[in-house]
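Input: a single structure, listed below in structure tokens.
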Amino acid sequence: MGIDVSKPYFDAAILPVINHLKQSIVTARFDNTPAGIILFEKWLTTLQVPIDESTLLVIENTGIYHRLLWAFCTKKNIPIHIGNAAHIKWSFGIARGKNDKVDSIRLCNYAHKHNDELIASPALNPVLMQLKDLITSRSRLLSQINSIKTYIKELRTVSDKNVQKVLEQAHKAAIVGLAKSIKSVEVEIARIITENKAFKQNFDLLKTVPGIGNVTAVYMICCTNNFAGKISGKQLACYAGVVPFENTSGISVKGRSRVHKMANKELKTLLHMCSLTTIQKYNEFKIYYARKKEEGKNSMSILNAIRNKIVLRAVAVVNNQTPYVDKTKLMV
């Protein structure tokens, strides 16, 4: 199955394969609501589609709009692959025109073509979804505070002092209210982490890595589904956009190795703050930063290398289930 999901509805396309032979694709549209999911299940039953492990469903990651389908697949034990939209789109090659029905058919063909290599996404964890929503809400509230502060700061150069004073007073209550909201969100995040043994264990391990604080640890847990599937450090570093890629071809293209712009920008920002903390508070990274500067390296290039080190160590402590040990302190 391939399903194209949007906020109000989703388009489903089914490709039956009998004795390794593709049959005609069948399509239908359903409301993206609990009632629509019930009709979708009845439709599958009418078409005699196996609602079990023998059916593969592929959808694009839509943020929150695919959660009802994800929950349905988890409940019915249907393997679901929630793929990166850009990766799936590029796999189509040159494609002219699109609509929801056509996209569902393309996803269906994608599922058939790549079924041997697609990895099923982990089962939907309601508690993890709550944690994701909370950390996202915190980021948005913080962004609103920063936006207000920036606006007030810019007004100081062009606005009358009396007007400036009135505006600052008017926005002060909003900033205080937003700060209280952030505090309440953080309290709820701490409660969920504390009450969930699996989250708490990985959270404590991540906190042992130099530079990683509460927010970064929680964000890593959210974006990795609590490190499900034993992801590697290189995979997470690539996802965070801190891995430089070579850019050469033959003798004509000799570009510098650069990080790719396709990345989780928020995780990358958090890791950048972590790297700044490490070069100020941890001798291991202070020495590393100073040595690379003496070698003539660019400051941002060094910080990116430190971000990469932090990610690799974060994944290592979780996968090995052992706290980080600073070996430089053990040297005599």
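The values are calculated or read from the model by the stated rules, or taken from the named source; none is laboratory data. Since the model is a prediction, treat every value here as computed from it, not as a measurement. Don't worry about glycine lacking a Cβ; one is built from the backbone with ideal geometry, like all the others, and counts go over all protein chains shown.
Structural remarks
- From the options Ser139, Ser232, residue that is loosely packed, with under 14 Cβ neighbours inside 10 Å, under 28 Å from Ser275 (Cβ atoms) and in contact (Cβ under 8 Å) with a residue 60 or more places away in the chain: Ser232
- Residue under evaluation Leu271, criteria (1) surrounded by fewer than 16 Cβ atoms within 10 Å (Cβ to Cβ); (2) assigned by TED's automatic domain parsing to the domain that holds Asn319; (3) touching a residue at least 12 places away in the same chain (Cβ under 8 Å), criterion not met: (1)
- Complete set of residues in the stretch 72-90 that are outside any loop (DSSP other than H, G, I, E, B), over 22 Å from Lys7 (Cα atoms) and in contact (Cβ under 8 Å) with a residue 24 or more places away in the chain: Lys76
Yes or no, residue by residue, for (1) out of contact with any Cys (no Cβ under 9 Å at 6 or more places or on another chain); (2) surrounded by fewer than 17 Cβ atoms within 10 Å (Cβ to Cβ); (3) not hydroxyl-bearing (Ser, Thr, Tyr):
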residue	(1), (2), (3)
Gln144	yes, yes, yes
Leu155	yes, yes, yes
Gln164	yes, yes, yes
Ser184	yes, yes, no
Gly213	no, yes, yes
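- Test: residue in the stretch 292-313 that is small (Gly, Ala, Ser), loosely packed, with under 12 Cβ neighbours inside 10 Å and either in contact (Cβ under 8 Å) with a residue 12 or more places away in the chain or on the phi < 0 side of the Ramachandran plot (or both): yes
- Remark: Asp133 matches the filter, which requires a residue to be loosely packed, with under 15 Cβ neighbours inside 10 Å, of a type in the set (D, E, K, R) and assigned to a helix (DSSP H, G or I).
- Filtered residue count, the stretch 26-48, keeping only those that are within 32 Å of the chain's Cα centre (by Cα) and in a loop (DSSP other than H, G, I, E, B): 2
- Listing of helices (runs of 4 or more DSSP H) fully contained in the stretch 189-257 that carry 1 or more residues being under 14 Å from the mean Cα position of the chain (by Cα): 214-223, 233-240
- Some residue of the stretch 114-121 being under 16 Å from the mean Cα position of the chain (by Cα) and outside the structural domain of His20 (by TED's automatic domain parsing): yes
- Against the conditions (1) within 18 Å of Arg138 (Cβ to Cβ); (2) of a type outside the set (S, T, N, Q); (3) not assigned by TED's automatic domain parsing to the domain that holds Leu142, Arg191 satisfies every one except (3).
- Flag set for Leu69, criterion: closer than 28 Å to Ile135 by Cβ, in contact (Cβ under 8 Å) with a residue 60 or more places away in the chain and surrounded by 20 or more Cβ atoms within 10 Å (Cβ to Cβ).
- Matching residues, the stretch 159-188, being of a type in the set (Ser, Thr, Tyr) and either within 26 Å of Cys222 (Cα to Cα) or in the same structural domain as Tyr324 (by TED's automatic domain parsing) (or both): Ser181, Ser184
- Pair list, Cβ under 8 Å, 6 or more apart: the stretch 26-37 residue under 15 Å from His66 (Cα atoms), other residue surrounded by fewer than 16 Cβ atoms within 10 Å (Cβ to Cβ) and small (Gly, Ala, Ser): Asn32/Ser6
- Considering only residues in the stretch 1-43 that are among the polar types (S, T, N, Q) and over 23 Å from Ala85 (Cα atoms), the one that is surrounded by the most Cβ atoms within 10 Å (Cβ to Cβ) turns out to be Gln23.
- Residue check, Val176 without any contact (Cβ under 8 Å) to a residue 60 or more places away in the chain and part of a helix (DSSP H, G or I): yes
- Being loosely packed, with under 12 Cβ neighbours inside 10 Å, within 14 Å of Leu236 (Cα to Cα) and of a type in the set (Lys, Arg) is a property that Lys254 lacks.
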